[in-house]
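Encoded as structure tokens, the structure appears first; notes follow it.
Every read-out reported here was derived from the displayed coordinates using simple, explicitly stated rules and does not represent laboratory data. In this text, all values refer to a predicted model and were calculated from it rather than measured experimentally. Cβ placement follows ideal geometry from the backbone for every residue including glycine, while neighbour counts extend to all protein chains displayed.
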Amino acid sequence: RVEVGDEGPYLRESGSAEWLTESFVQDVHGVDPDHLKCFKVSGDAMEGSLQPGDRTRGVLWRGESLNDGSVYVIYSNLGGVIYRRVRFNEQTVKLVASNPNVPDQTVEADAWQERFRPVAHIVEIVRAI
């Protein structure tokens, strides 16, 4: 669970543990198992791609470059925690929602770091069949 304190966002473990072997996480996602976390979608901004209640697996952001077109869990000092697809233009960063009723946000590249902080890069949606 992403929570927000005086110093910004932090993770608080909640729910039951998910058991994935270290070798599975390494083979499938290529990351240290401690960096793969499960997040639950609570809003409808990404409806069409992600549904409220979906569980996602994300790799914690450690300051690396963001991937154009990928979905991230992002903390905004104005709006809390959101899921958005990140798109880059020459001077702007665009946060794209899948739901046509939710407007995209365009931010000047130099203001990006002041207003937003990536939490995790979403690599998988986990849905029951």
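At full extension, Leu78 and Lys94 could sit 4.2 nm farther apart than now, given 0.36 nm per residue minus the alpha carbon distance. Fully extending the segment from Arg87 to Val107 would add 6.1 nm, taking 0.36 nm per residue of separation and subtracting the current Cα-Cα distance. Got a sec? Which residues in segment 90-129 would a label at Asp32 touch, if it sits 7 Å along Cα→Cβ and we count backbone N under 20 Å? Inside the label zone: 118-123. Summing Cβ point charges (Lys, Arg +1; Asp, Glu -1) relative to the Cα centre of segment 16-129 gives a dipole of roughly 280 debye. Here segment 71-119 is treated as a sphere whose radius is the Kirkwood value from Cα pairs; by Stokes-Einstein at 10 °C and 1.306 mPa s it diffuses with a coefficient of 146 µm²/s.
Between Ser23 and Val123, the contour length at 0.36 nm per residue exceeds the alpha carbon distance by 34.3 nm.
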